[in-house]
Amino acid sequence: MSDLVLQGLTKRFGEFTAVDALDLTVPAGSFFALLGPSGCGKTTTLRMAAGLEEPTAGRILLGDRDITGLRPHQRPVNTVFQSYALFPHLDVAGNVAFGLRRRGVRDHAAEVARMLELVQLDGLGRRRPAQLSGGQQQRVALARALVNRPQVLLLDEPLGALDLTLTRRMQVELKRIQTEVGITFVHVTHDQEEAMTMADTVAVMNAGRIEQLGRPAELYEFPQTPFVANFLGQSNLLAAEVVERGAGYVAVRAYDNRYSVPAGRCRAAGPAAYLGVRPEKVHLAEAAAQVPAGHDSVAGVVTDWSYVGVGNRYLVRAPWGTELAVFSPNTGEGYYPPLGGEVVVHWDPAHAFLLDREPGAGDATTPVAPEPTGVPA
Amino acid sequence: MRGSRVVAGLVLAYLLLPVAVVVGLSFNAPSNRLSYDFDRFTLANWADPCGPAGLCASVLRSAQIGLLATVLATVLGTLLAFGLTRHRFRGRGPLNALVFLPMATPEVVLGSSLLALFTAGAVPLGFWTVVIAHVMFCVSFVVVVVKARLAGMDPRLEEAAADLYASPWHTFRTVTLPLAMPGIVAGALLAFSLSFDDFIVSNFNAGTMTTFPMFVWGSAQRGIPPQVNVVGTAMFAVAVLAVVITTFRRRAR
Ligand SMILES: Nc1ncnc2c1ncn2[C@@H]1O[C@H](COP(=O)(O)OP(=O)(O)OP(=O)(O)O)[C@@H](O)[C@H]1O
Ligand SMILES: [Mg+2]
């Protein structure tokens, strides 16, 4: 087993740079998630790793072996395509056996049967792809790649067409298979929850570049850039100026209020910074008197409210006009203010973080459009 | 609903009436050479289809020409279709248009200009000149049909094959060719029926040789022997059989 290493990998389509000097090491046997918005270059990156797209620049290595120049069929890498790409003229079993046949594996029938059982398609081996549902086709695509036990399995949104229950089950299955077989999985998705639940390492990609890479909790708790803060979950990002770098803390001023953040949670190099705090780390109080000691706070008015079962989502307009997102878990305890109510928003400074901000840029709170729910009871 | 059924029935009757006449006349014993009335039922025509001098020879010749022209046109046309859809090269656009030209040219013009060409080149007219002429116009049809099939093919399928360890040759054999096959077969069938059926171009370039359509046309002056209808009916039966078999095979999947 060897690491998959991308060095300065670049792909240009004419003038447009789809993948921009990507440097990436996927450790052998790890579950690696590539997360990013539509069109950020995820598929293009996978296609270069599979050999289906020629890089404009850069190298691809498997351990010490440079595979940049190898043809797709020479690479110990298999792909689960975003569009499945099942062979319509072959039945399900024929599709799954395709790679085994090419490699001259004898007795592939047993392997195929076992794999079909694994993806819960036993008994459908004689069907044609056209006679399967979208989710079933997706599982055939998965089985067809997985049955070869490649060194690296590239999965391009393999669970996109499945319903929630099946998605959960396949997530568990995939994770189990990956740990059991020890194959390196590079899993492309734009579902952040999927990426966080399944992967050892998550890389957040934006416009052809990796914005941040790390364990899911690292990325979520202390994002590197405003993009990551908003793409992986939501964030309140207030435009602030660093006013003091003290012992163990950094103080900022935002809209004439003074806030502080532990020094270890400051990524802002210059004076212009974003003060970030996750909506679920923000609490609501009826009055300033109820704010716990040591918490930072701001008073505001509830402008929007929506009930989402596990909790309530609020938008609270601050005195300076921008809105803060607040998520109150539905614990049955706590303060659930009415629409239009005056509240005090507060948080533990230890949960806040500071990111670099372009001078002059305003708040960058995740835009949220909660369903209008009328007046709360 | 009923109206559309009536219309469909009328259209079908319109299409099949000539066929019915052919089938009927194949069992006819005409009272004289120039009679096209149904005089008397007989099986004699079916018992002796090769009765009229030259009939069976002409059918055989047309079949030979048809098969040869089909094989050549299908191979050439398929290669051309692959070249035109898979590769970008200088002159691809004009070539795409030029391929259509033989389809758009009136057959009389095609036939007479070929004759001029052969005569100028002192090529003896006969079997091979007809084959060459047929290949020429059949290629266009094959190219068009196969190209349509290739254009509708998902390029991801070949990538998936390559990803699953299939070399380019294997990919072609196990994925590309099977997927293109319906188009190639359709092109070949079209080529054969065009060639077998052709009268105008053949008439110009056959010299003293006679193909089946030329035989029928020639004998029409003197009264068509009823055996011609036997051949026609048999050909129709073969076509129907082919359609039935393909329909059932498709349904069996
Ligand atoms: N063959 C191509 N020619 C030109 N541009 C391309 C080509 N393939 C991809 N692109 C562009 O490159 C960018 C990245 O595409 P890519 O398919 O890698 O996105 P993605 O991250 O997989 O998105 P999605 O989540 O929607 O699948 C897109 O802006 C796309 O338009
Ligand atoms: Mg994609």
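Coordinate-derived values only; no laboratory data. The structure presented is a predicted model; accordingly, all values stated were derived computationally and were not measured. Here the Cβ is made from the backbone with ideal geometry for all residues, glycine too, and neighbour counts use every protein chain on show.
Cβ crowding within 10 Å ranks B:S195, B:S62, B:S113 as B:S113, B:S62, B:S195, fewest other Cβ atoms first. Near A:R278: Cβ cut-off under 13 Å, other residues only, Lys/Arg at +1 and Asp/Glu at -1. The net charge is 0.
Cross-link partners for A:K42 among the lysines, with Cα-Cα distance under 17 Å and sequence neighbours closer than 8 places in the same chain left out: A:K11. Enumerate the residues in the stretch B:181-199 having an amide nitrogen under 13 Å from the point lying 7 Å beyond the Cα of B:R249 toward its Cβ. Output list for this probe position: B:181-186, B:189. Secondary structure note: in chain A, about 75% of the DSSP beta bridges are antiparallel.
What shape does the stretch A:109-168 have by the C-alpha gyration tensor, where a ≥ b ≥ c are the square roots of the eigenvalues, rounded means a/c under 1.5, and otherwise prolate means a/b greater than b/c and oblate the rest? Cα axes put the stretch A:109-168 in the oblate bin. For the peptide A:104-116, the mean number of other protein chain Cβ atoms found within 10 angstrom of a residue's Cβ is 0.
Distance from the C-alpha centroid of the stretch A:128-165 to that of the stretch A:241-294: 46 Å, rounded to the whole angstrom. Other protein chain C-beta atoms within 10 Å of residue C-beta, averaged over A:276-288: 0.
Summary of the geometry: the stretch B:180-197 and the stretch A:193-221, compared by the centres of their Cα atoms, lie 55 Å apart. Placing dummy labels 7 Å off each Cα toward the beta-carbon, the span from A:R168 to A:D20 is 3.9 nm. From the helices alone, meaning DSSP H stretches of at least four residues, give me the mean residue ellipticity at 222 nm for chain A, per-run term -39500 (n - 2.57), in deg cm²/dmol to the nearest 500. Value at 222 nm, helices only: -6500 deg cm²/dmol. Peptide A:80-91 shows a mean partner chain C-beta count of 5 within 10 Å per residue C-beta.
What is the stretch B:102-237's relative contact order, in percent, from Cα pairs under 8 angstrom and six or more apart in sequence? 36 percent.
Taking other C-beta atoms within 10 angstrom as a stand-in for reagent exposure, A:T79, A:T43, B:T247 fall in the order B:T247, A:T43, A:T79, fewest first. Find the centroid of the Cα atoms in the stretch B:1-46 and in the stretch A:57-105, then give the distance between the two in whole Å. Each part's Cα centre sits 59 Å from the other's. For the peptides A:5-13, A:152-160, the ranking by packing is A:152-160, A:5-13, with the highest mean count of neighbouring Cβ atoms within 10 Å listed first.
The value for chain A of Rg(Cα) / (2.2 N^0.38 Å) is 1.17. Taking chain B, the Cys residues with no second Cys beta-carbon under 4.7 angstrom are B:C138.
The relative contact order of chain B, computed from alpha carbon pairs under 8 Å that lie at least 6 residues apart in sequence, is 33 percent.
Debye-formula intensities of the stretch B:1-125, expressed as log10 I(q)/I(0) at q = 0.17, 0.18, 0.22, 0.23 Å⁻¹, are -1.09, -1.11, -1.25, -1.30 (one equal scatterer per alpha-carbon, no solvent). Highest GNM mean-square fluctuation among B:L115, B:L17, B:L76, for chain B modelled with Cα contacts below 10 Å: B:L17. Arranged from fewest to most other beta-carbon atoms within 10 Å of their beta carbon, A:I60, A:I67, B:I200, B:I65 become B:I200, A:I67, A:I60, B:I65. For chain A, the relative contact order comes to 15 percent (Cα pairs under 8 Å, sequence separation of at least 6).
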